[in-house]
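Here is the structure we will look at.
The values are calculated or read from the model by the stated rules, or taken from the named source; none is laboratory data. Fair warning: this is a prediction, and the values are worked out from it, not measured in the lab. Note that each Cβ is placed from the backbone with ideal geometry, even for glycine, and that neighbours are counted across all protein chains shown.
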Ligand code: SF4
Ligand code: SF4
(Lines give C-alpha, C1' and ligand atoms only; values in the text may rest on other atoms or scores of the structure.)
(Ligands and ions follow the chains in the order given, each with its own letter.)
Protein backbone atom coordinates (compact mmCIF):
# COMPACT_ATOMS: atom_id res chain seq x y z
CA UNK A 1 0.00 0.00 0.00
CA UNK A 2 1.35 3.44 -0.90
CA UNK A 3 1.53 5.95 1.93
CA UNK A 4 1.84 9.71 2.18
CA UNK A 5 2.27 10.38 5.89
CA UNK A 6 3.26 13.97 6.77
CA UNK A 7 7.09 14.16 6.98
CA UNK A 8 6.93 15.50 10.56
CA UNK A 9 5.00 12.42 11.71
CA UNK A 10 6.94 10.06 9.45
CA UNK A 11 10.14 11.17 11.23
CA UNK A 12 8.89 9.97 14.65
CA UNK A 13 9.36 6.36 15.84
CA UNK A 14 5.57 5.87 15.68
CA UNK A 15 5.40 7.39 12.20
CA UNK A 16 8.23 5.22 10.95
CA UNK A 17 6.62 2.07 12.40
CA UNK A 18 3.16 2.98 11.02
CA UNK A 19 4.58 3.64 7.56
CA UNK A 20 6.40 0.29 7.48
CA UNK A 21 3.28 -1.60 8.61
CA UNK A 22 0.99 0.18 6.15
CA UNK A 23 3.36 -0.55 3.25
CA UNK A 24 3.17 -4.28 4.01
CA UNK A 25 -0.62 -4.39 3.54
CA UNK A 26 -1.59 -5.35 -0.02
CA UNK A 27 -5.34 -4.94 0.69
CA UNK A 28 -6.04 -8.54 -0.27
CA UNK A 29 -8.81 -8.85 2.35
CA UNK A 30 -7.77 -12.35 3.43
CA UNK A 31 -7.98 -11.17 7.04
CA UNK A 32 -11.63 -10.16 6.90
CA UNK A 33 -13.14 -13.64 7.22
CA UNK A 34 -11.33 -14.17 10.52
CA UNK A 35 -12.56 -10.90 12.02
CA UNK A 36 -15.38 -11.39 14.58
CA UNK A 37 -16.75 -7.86 14.20
CA UNK A 38 -16.84 -8.03 10.41
CA UNK A 39 -18.61 -11.38 10.61
CA UNK A 40 -21.23 -9.88 12.92
CA UNK A 41 -21.70 -6.45 11.34
CA UNK A 42 -20.72 -6.95 7.69
CA UNK A 43 -19.35 -3.40 7.45
CA UNK A 44 -15.93 -3.03 5.82
CA UNK A 45 -15.07 -0.36 8.42
CA UNK A 46 -15.48 -3.05 11.10
CA UNK A 47 -12.94 -5.29 9.35
CA UNK A 48 -9.15 -5.23 9.76
CA UNK A 49 -8.64 -3.90 6.25
CA UNK A 50 -11.26 -1.19 6.81
CA UNK A 51 -9.70 -0.15 10.10
CA UNK A 52 -6.27 -0.02 8.47
CA UNK A 53 -7.70 2.39 5.88
CA UNK A 54 -9.35 4.50 8.59
CA UNK A 55 -6.07 4.76 10.53
CA UNK A 56 -4.11 5.50 7.36
CA UNK A 57 -6.52 8.28 6.40
CA UNK A 58 -6.33 9.84 9.85
CA UNK A 59 -2.53 9.70 9.96
CA UNK A 60 -2.24 11.19 6.45
CA UNK A 61 -4.81 13.96 6.74
CA UNK A 62 -4.92 14.60 10.48
CA UNK A 63 -8.73 14.42 10.37
CA UNK A 64 -9.96 12.57 13.48
CA UNK A 65 -13.63 12.05 12.65
CA UNK A 66 -15.89 10.45 15.35
CA UNK A 67 -16.67 7.63 12.89
CA UNK A 68 -13.06 6.47 13.14
CA UNK A 69 -13.37 6.16 16.92
CA UNK A 70 -16.63 4.21 16.62
CA UNK A 71 -15.06 1.56 14.39
CA UNK A 72 -11.75 1.39 16.30
CA UNK A 73 -13.60 1.05 19.62
CA UNK A 74 -15.46 -1.95 18.20
CA UNK A 75 -12.19 -3.79 17.52
CA UNK A 76 -11.57 -6.54 20.08
CA UNK A 77 -7.82 -6.48 19.49
CA UNK A 78 -8.12 -10.26 19.26
CA UNK A 79 -5.40 -10.26 16.56
CA UNK A 80 -7.07 -13.07 14.60
CA UNK A 81 -6.41 -10.89 11.54
CA UNK A 82 -2.67 -10.92 12.24
CA UNK A 83 -2.64 -14.70 12.34
CA UNK A 84 -4.61 -14.83 9.07
CA UNK A 85 -2.58 -12.19 7.19
CA UNK A 86 -0.15 -13.72 4.67
CA UNK A 87 1.87 -10.48 4.43
CA UNK A 88 2.79 -10.27 8.12
CA UNK A 89 0.95 -6.99 8.77
CA UNK A 90 1.31 -6.15 12.48
CA UNK A 91 -2.22 -4.86 12.79
CA UNK A 92 -2.19 -4.51 16.58
CA UNK A 93 0.92 -2.33 16.55
CA UNK A 94 -0.62 -0.07 13.90
CA UNK A 95 -3.87 -0.03 15.85
CA UNK A 96 -2.14 1.15 19.05
CA UNK A 97 -0.33 3.92 17.14
CA UNK A 98 -3.60 4.97 15.49
CA UNK A 99 -5.54 4.87 18.74
CA UNK A 100 -2.98 7.00 20.59
CA UNK A 101 -2.94 9.54 17.75
CA UNK A 102 -6.73 9.62 17.75
CA UNK A 103 -6.85 10.22 21.53
CA UNK A 104 -4.40 13.11 21.14
CA UNK A 105 -6.17 14.71 18.19
CA UNK A 106 -9.73 14.44 19.43
CA UNK A 107 -10.91 14.29 23.05
CA UNK A 108 -13.61 11.80 23.94
CA UNK A 109 -16.91 13.12 25.33
CA UNK A 110 -16.75 13.58 29.12
CA UNK A 111 -19.12 10.70 29.94
CA UNK A 112 -17.17 8.35 27.68
CA UNK A 113 -13.95 9.33 29.45
CA UNK A 114 -15.45 8.57 32.87
CA UNK A 115 -16.87 5.25 31.74
CA UNK A 116 -13.41 4.26 30.56
CA UNK A 117 -11.75 5.61 33.66
CA UNK A 118 -13.85 3.59 36.12
CA UNK A 119 -12.31 0.17 35.27
CA UNK A 120 -8.80 1.68 35.50
CA UNK A 121 -9.59 3.01 38.97
CA UNK A 122 -10.87 -0.32 40.30
CA UNK A 123 -9.86 -3.50 38.46
CA UNK A 124 -6.04 -3.32 38.77
CA UNK A 125 -6.31 -3.22 42.58
CA UNK A 126 -7.30 -6.50 44.29
CA UNK A 127 -8.50 -4.77 47.46
CA UNK A 128 -10.86 -2.55 45.45
CA UNK A 129 -12.08 -5.55 43.46
CA UNK A 130 -12.76 -7.30 46.77
CA UNK A 131 -14.85 -4.33 48.00
CA UNK A 132 -16.67 -4.30 44.67
CA UNK A 133 -17.62 -7.96 44.93
CA UNK A 134 -18.93 -7.37 48.48
CA UNK A 135 -21.05 -4.51 47.19
CA UNK A 136 -22.20 -6.72 44.34
CA UNK A 137 -23.38 -9.35 46.80
CA UNK A 138 -25.56 -6.74 48.56
CA UNK A 139 -27.15 -5.14 45.49
CA UNK A 140 -27.47 -8.31 43.40
CA UNK A 141 -30.89 -9.43 44.70
CA UNK A 142 -32.32 -5.98 43.91
CA UNK A 143 -31.45 -6.08 40.21
CA UNK A 144 -33.33 -7.53 37.23
CA UNK A 145 -32.08 -11.01 36.36
CA UNK A 146 -30.29 -10.03 33.12
CA UNK A 147 -28.00 -7.67 35.11
CA UNK A 148 -27.81 -9.94 38.14
CA UNK A 149 -26.25 -12.81 36.20
CA UNK A 150 -23.52 -10.57 34.77
CA UNK A 151 -22.18 -9.38 38.12
CA UNK A 152 -19.09 -11.20 39.33
CA UNK A 153 -19.11 -12.70 42.80
CA UNK A 154 -16.09 -13.73 44.83
CA UNK A 155 -16.05 -17.52 45.29
CA UNK A 156 -15.97 -19.13 48.74
CA UNK A 157 -12.54 -19.52 50.32
CA UNK A 158 -10.55 -22.41 48.83
CA UNK A 159 -9.85 -25.44 50.96
CA UNK A 160 -6.34 -26.21 49.79
CA UNK A 161 -3.52 -23.78 50.21
CA UNK A 162 -0.32 -22.77 48.54
CA UNK A 163 2.41 -25.38 49.17
CA UNK A 164 5.34 -24.52 51.41
CA UNK A 165 8.50 -23.58 49.48
CA UNK A 166 10.70 -26.67 49.48
CA UNK A 167 12.42 -26.98 46.12
CA UNK A 168 15.74 -25.69 44.86
CA UNK A 169 14.15 -24.78 41.52
CA UNK A 170 11.97 -21.66 41.76
CA UNK A 171 9.83 -19.62 39.40
CA UNK A 172 7.70 -16.56 40.00
CA UNK A 173 3.94 -16.75 39.50
CA UNK A 174 2.18 -13.51 38.61
CA UNK A 175 -0.89 -13.32 40.87
CA UNK A 176 -2.63 -10.63 38.82
CA UNK A 177 -5.28 -8.20 40.00
CA UNK A 178 -8.79 -9.57 39.41
CA UNK A 179 -7.87 -13.24 39.42
CA UNK A 180 -6.81 -13.63 43.09
CA UNK A 181 -10.24 -12.28 44.10
CA UNK A 182 -12.56 -13.90 41.56
CA UNK A 183 -10.76 -17.21 40.98
CA UNK A 184 -8.04 -17.79 43.61
CA UNK A 185 -8.10 -21.55 42.97
CA UNK A 186 -6.33 -21.07 39.63
CA UNK A 187 -3.00 -19.81 40.95
CA UNK A 188 -3.14 -22.16 43.93
CA UNK A 189 -3.65 -25.08 41.54
CA UNK A 190 -0.65 -23.90 39.48
CA UNK A 191 1.52 -23.72 42.62
CA UNK A 192 0.48 -27.25 43.63
CA UNK A 193 1.02 -28.71 40.16
CA UNK A 194 4.46 -27.12 39.88
CA UNK A 195 5.28 -28.32 43.40
CA UNK A 196 4.67 -31.88 42.23
CA UNK A 197 7.09 -31.24 39.37
CA UNK A 198 9.78 -30.15 41.83
CA UNK A 199 9.40 -26.41 41.25
CA UNK A 200 8.44 -23.89 43.93
CA UNK A 201 6.28 -21.06 42.62
CA UNK A 202 6.77 -17.79 44.51
CA UNK A 203 3.77 -15.44 44.31
CA UNK A 204 4.57 -12.21 42.45
CA UNK A 205 2.15 -9.38 43.18
CA UNK A 206 1.03 -6.72 40.72
CA UNK A 207 -1.28 -5.83 37.86
CA UNK A 208 0.49 -6.33 34.51
CA UNK A 209 -0.75 -2.96 33.19
CA UNK A 210 -2.70 -4.35 30.21
CA UNK A 211 -5.98 -2.81 31.30
CA UNK A 212 -4.50 0.71 31.38
CA UNK A 213 -2.58 0.15 28.16
CA UNK A 214 -5.61 -1.00 26.20
CA UNK A 215 -7.62 1.95 27.53
CA UNK A 216 -5.01 4.32 26.05
CA UNK A 217 -3.51 5.22 29.47
CA UNK A 218 -0.02 4.36 28.26
CA UNK A 219 1.94 6.28 30.91
CA UNK A 220 -0.12 4.65 33.64
CA UNK A 221 0.59 1.23 32.09
CA UNK A 222 4.32 1.96 32.06
CA UNK A 223 4.15 2.93 35.74
CA UNK A 224 2.60 -0.49 36.52
CA UNK A 225 5.38 -2.15 34.52
CA UNK A 226 8.18 -0.29 36.33
CA UNK A 227 6.66 -1.01 39.76
CA UNK A 228 6.35 -4.69 38.89
CA UNK A 229 9.92 -4.93 37.67
CA UNK A 230 11.17 -3.34 40.91
CA UNK A 231 9.04 -5.75 42.93
CA UNK A 232 10.06 -8.91 41.03
CA UNK A 233 13.69 -8.11 40.36
CA UNK A 234 15.16 -9.41 43.67
CA UNK A 235 13.61 -12.88 43.05
CA UNK A 236 14.87 -12.93 39.47
CA UNK A 237 18.33 -11.98 40.71
CA UNK A 238 18.19 -14.83 43.24
CA UNK A 239 17.72 -17.27 40.37
CA UNK A 240 13.99 -17.66 39.65
CA UNK A 241 14.01 -19.48 36.31
CA UNK A 242 10.87 -17.99 34.80
CA UNK A 243 7.85 -15.77 35.36
CA UNK A 244 4.76 -17.94 35.01
CA UNK A 245 1.44 -16.32 34.15
CA UNK A 246 -1.81 -18.31 34.30
CA UNK A 247 -3.80 -15.54 32.56
CA UNK A 248 -2.77 -15.46 28.91
CA UNK A 249 -3.91 -11.83 28.62
CA UNK A 250 -1.36 -10.80 31.27
CA UNK A 251 1.20 -13.13 29.70
CA UNK A 252 0.84 -11.32 26.39
CA UNK A 253 1.39 -8.01 28.16
CA UNK A 254 4.53 -9.22 29.93
CA UNK A 255 5.86 -10.43 26.61
CA UNK A 256 5.63 -6.78 25.44
CA UNK A 257 7.40 -5.18 28.44
CA UNK A 258 10.72 -5.16 26.58
CA UNK A 259 9.28 -3.28 23.60
CA UNK A 260 7.16 -0.91 25.66
CA UNK A 261 10.05 0.15 27.93
CA UNK A 262 12.74 0.05 25.23
CA UNK A 263 13.04 3.84 25.39
CA UNK A 264 13.55 3.96 29.16
CA UNK A 265 17.29 3.87 29.90
CA UNK A 266 16.71 2.74 33.52
CA UNK A 267 14.34 -0.12 32.75
CA UNK A 268 14.94 -1.24 29.15
CA UNK A 269 17.34 -4.09 29.97
CA UNK A 270 15.30 -5.33 32.95
CA UNK A 271 12.06 -5.16 30.95
CA UNK A 272 13.64 -7.18 28.13
CA UNK A 273 14.67 -9.82 30.68
CA UNK A 274 11.17 -9.97 32.15
CA UNK A 275 9.75 -10.48 28.64
CA UNK A 276 12.27 -13.21 27.92
CA UNK A 277 11.37 -15.05 31.15
CA UNK A 278 7.57 -14.80 30.76
CA UNK A 279 5.95 -18.23 30.30
CA UNK A 280 2.47 -19.61 30.01
CA UNK A 281 2.24 -22.73 32.24
CA UNK A 282 1.71 -24.91 29.16
CA UNK A 283 5.18 -23.93 27.92
CA UNK A 284 6.80 -25.00 31.18
CA UNK A 285 4.88 -28.27 31.44
CA UNK A 286 5.76 -29.18 27.85
CA UNK A 287 9.43 -29.06 28.88
CA UNK A 288 9.07 -31.06 32.10
CA UNK A 289 8.60 -34.72 32.98
CA UNK A 290 4.89 -34.69 33.87
CA UNK A 291 4.61 -38.23 35.22
CA UNK A 292 4.01 -36.90 38.77
CA UNK A 293 0.93 -34.99 37.60
CA UNK A 294 -2.46 -36.42 38.45
CA UNK A 295 -5.80 -35.47 36.95
CA UNK A 296 -8.50 -33.84 39.05
CA UNK A 297 -11.28 -35.39 36.99
CA UNK A 298 -11.91 -38.62 35.14
CA UNK A 299 -9.81 -37.97 32.03
CA UNK A 300 -12.41 -39.70 29.85
CA UNK A 301 -15.06 -37.01 30.40
CA UNK A 302 -15.44 -34.81 27.31
CA UNK A 303 -13.86 -31.37 27.69
CA UNK A 304 -14.21 -28.39 25.33
CA UNK A 305 -11.12 -26.19 25.35
CA UNK A 306 -11.53 -22.49 24.59
CA UNK A 307 -8.18 -21.08 23.44
CA UNK A 308 -8.07 -17.36 24.35
CA UNK A 309 -7.08 -14.97 21.54
CA UNK A 310 -4.10 -13.83 23.61
CA UNK A 311 -2.89 -17.43 23.78
CA UNK A 312 -3.39 -18.10 20.06
CA UNK A 313 -2.59 -14.82 18.39
CA UNK A 314 -0.44 -12.79 20.79
CA UNK A 315 1.61 -15.53 22.47
CA UNK A 316 1.47 -17.71 19.31
CA UNK A 317 0.77 -20.83 21.38
CA UNK A 318 -2.15 -22.17 19.34
CA UNK A 319 -2.58 -25.90 19.97
CA UNK A 320 0.10 -26.21 22.68
CA UNK A 321 -2.24 -26.53 25.68
CA UNK A 322 -4.48 -28.89 23.72
CA UNK A 323 -1.49 -31.09 22.84
CA UNK A 324 -0.38 -31.14 26.47
CA UNK A 325 -3.83 -32.06 27.80
CA UNK A 326 -4.22 -34.80 25.22
CA UNK A 327 -0.77 -36.17 26.08
CA UNK A 328 -1.93 -36.33 29.70
CA UNK A 329 -4.90 -38.42 28.59
CA UNK A 330 -7.70 -35.84 28.57
CA UNK A 331 -10.55 -36.22 26.12
CA UNK A 332 -10.85 -32.91 24.23
CA UNK A 333 -13.80 -32.54 21.89
CA UNK A 334 -13.49 -30.56 18.63
CA UNK A 335 -14.84 -26.99 18.72
CA UNK A 336 -16.14 -25.12 15.68
CA UNK A 337 -14.37 -21.83 14.78
CA UNK A 338 -11.78 -21.99 17.59
CA UNK A 339 -10.13 -18.81 16.25
CA UNK A 340 -13.15 -16.62 17.08
CA UNK A 341 -13.06 -14.41 20.18
CA UNK A 342 -15.54 -15.07 23.02
CA UNK A 343 -16.17 -11.31 23.38
CA UNK A 344 -14.43 -10.82 26.71
CA UNK A 345 -11.36 -8.94 25.42
CA UNK A 346 -10.37 -7.05 28.57
CA UNK A 347 -12.93 -4.32 29.17
CA UNK A 348 -14.73 -4.96 25.84
CA UNK A 349 -17.53 -6.81 27.65
CA UNK A 350 -18.13 -3.64 29.72
CA UNK A 351 -17.67 -1.04 26.98
CA UNK A 352 -19.24 -2.90 24.03
CA UNK A 353 -21.88 -4.96 25.85
CA UNK A 354 -24.26 -5.86 22.99
CA UNK A 355 -21.49 -7.00 20.60
CA UNK A 356 -19.73 -8.84 23.39
CA UNK A 357 -22.91 -10.73 24.32
CA UNK A 358 -23.51 -11.80 20.71
CA UNK A 359 -19.98 -13.15 20.48
CA UNK A 360 -20.39 -14.93 23.81
CA UNK A 361 -23.64 -16.60 22.72
CA UNK A 362 -22.02 -17.90 19.52
CA UNK A 363 -18.89 -19.08 21.35
CA UNK A 364 -20.83 -20.97 24.04
CA UNK A 365 -23.03 -22.56 21.36
CA UNK A 366 -19.91 -23.89 19.62
CA UNK A 367 -18.23 -24.98 22.86
CA UNK A 368 -21.30 -26.87 24.08
CA UNK A 369 -22.26 -28.36 20.70
CA UNK A 370 -20.79 -31.78 21.51
CA UNK A 371 -22.12 -31.80 25.08
CA UNK A 372 -18.85 -31.54 27.03
CA UNK A 373 -18.90 -32.11 30.79
CA UNK A 374 -16.90 -28.93 31.27
CA UNK A 375 -15.18 -26.08 29.45
CA UNK A 376 -11.50 -25.37 30.05
CA UNK A 377 -9.70 -22.15 29.17
CA UNK A 378 -6.49 -20.24 29.92
CA UNK A 379 -7.36 -16.64 30.75
CA UNK A 380 -9.31 -15.08 33.62
CA UNK A 381 -11.26 -12.75 31.30
CA UNK A 382 -12.56 -15.60 29.13
CA UNK A 383 -13.15 -17.72 32.26
CA UNK A 384 -15.41 -15.10 33.86
CA UNK A 385 -17.13 -14.26 30.58
CA UNK A 386 -17.91 -17.87 29.60
CA UNK A 387 -19.25 -18.61 33.10
CA UNK A 388 -22.04 -16.08 32.55
CA UNK A 389 -23.67 -18.21 29.88
CA UNK A 390 -22.23 -21.71 29.93
CA UNK A 391 -24.47 -24.49 31.25
CA UNK A 392 -21.47 -26.62 32.26
CA UNK A 393 -18.67 -25.71 34.70
CA UNK A 394 -15.84 -23.52 33.40
CA UNK A 395 -12.31 -24.13 34.68
CA UNK A 396 -8.80 -22.99 34.01
CA UNK A 397 -7.04 -26.03 32.51
CA UNK A 398 -4.40 -26.04 35.26
CA UNK A 399 -7.20 -26.82 37.75
CA UNK A 400 -7.79 -30.08 35.89
CA UNK A 401 -4.32 -31.17 37.02
CA UNK A 402 -4.80 -30.45 40.73
CA UNK A 403 -6.89 -33.12 42.44
CA UNK A 404 -6.63 -31.19 45.72
CA UNK A 405 -4.61 -33.91 47.45
CA UNK A 406 -1.59 -33.17 49.61
CA UNK A 407 1.47 -32.64 47.44
CA UNK A 408 3.63 -35.69 47.01
CA UNK A 409 7.16 -35.71 48.41
S1 SF4 B 1 -3.87 -6.92 6.67
FE2 SF4 B 1 -2.94 -8.64 5.54
S3 SF4 B 1 -4.68 -9.96 5.01
FE4 SF4 B 1 -5.54 -7.98 5.62
S5 SF4 B 1 -5.76 -6.83 3.70
FE6 SF4 B 1 -3.73 -6.26 4.52
S7 SF4 B 1 -2.30 -7.74 3.59
FE8 SF4 B 1 -4.37 -8.58 3.26
S1 SF4 C 1 -8.06 -7.49 16.06
FE2 SF4 C 1 -9.83 -8.89 15.89
S3 SF4 C 1 -11.64 -7.53 15.91
FE4 SF4 C 1 -9.85 -6.22 15.51
S5 SF4 C 1 -9.73 -6.10 13.28
FE6 SF4 C 1 -8.40 -7.82 13.89
S7 SF4 C 1 -9.71 -9.65 13.78
FE8 SF4 C 1 -11.08 -7.83 13.75
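Listing for the model above:
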read-out: Pair list, Cβ under 7 Å, 6 or more apart: the range 98-114 residue free of Cβ contacts under 8 Å to residues at least 24 places away in the same chain, other residue not in a helix (DSSP H, G or I); value: none
read-out: Test set (1) assigned to a helix (DSSP H, G or I); (2) touching a strand residue (DSSP E or B) at 6+ places or on another chain (Cβ under 9 Å); (3) within 30 Å of residue 209 (Cβ to Cβ) - residue 375 fails condition number; value: (1)
read-out: Counted residues, the range 1-20 - those being within 14 Å of ligand 1 (Cβ to nearest atom) and either under 23 Å from the mean Cα position of the chain (by Cα) or modelled with pLDDT under 95 (or both); value: 3
read-out: Residue check, residue 82 surrounded by 13 or more Cβ atoms within 10 Å (Cβ to Cβ) and either more than 16 Å from ligand 1 (Cβ to nearest atom) or farther than 26 Å from residue 40 by Cβ (or both); value: no
read-out: The range 325-339, residues that are in a loop (DSSP other than H, G, I, E, B) and under 28 Å from residue 35 (Cβ atoms); value: 334, 335, 336, 337, 338, 339
read-out: Residues located in the range 1-60, provided they are surrounded by fewer than 20 Cβ atoms within 10 Å (Cβ to Cβ) and closer than 15 Å to residue 79 by Cα; value: 29, 30, 32, 33, 39, 50
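Let's see how each residue does on (1) within 21 Å of residue 379 (Cα to Cα); (2) part of a loop (DSSP other than H, G, I, E, B):
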{"site": "163", "(1), (2)": "no, yes"}
{"site": "166", "(1), (2)": "no, yes"}
{"site": "170", "(1), (2)": "no, no"}
{"site": "190", "(1), (2)": "yes, no"}
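Table: residues versus (1) without any contact (Cβ under 8 Å) to a residue 12 or more places away in the chain; (2) within 24 Å of the chain's Cα centre (by Cα); (3) more than 20 Å from residue 386 (Cα to Cα); (4) assigned to a loop (DSSP other than H, G, I, E, B).
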residue: 234; (1), (2), (3), (4): yes, no, yes, no
residue: 284; (1), (2), (3), (4): no, yes, yes, no
residue: 312; (1), (2), (3), (4): no, yes, no, no
residue: 322; (1), (2), (3), (4): no, yes, no, no
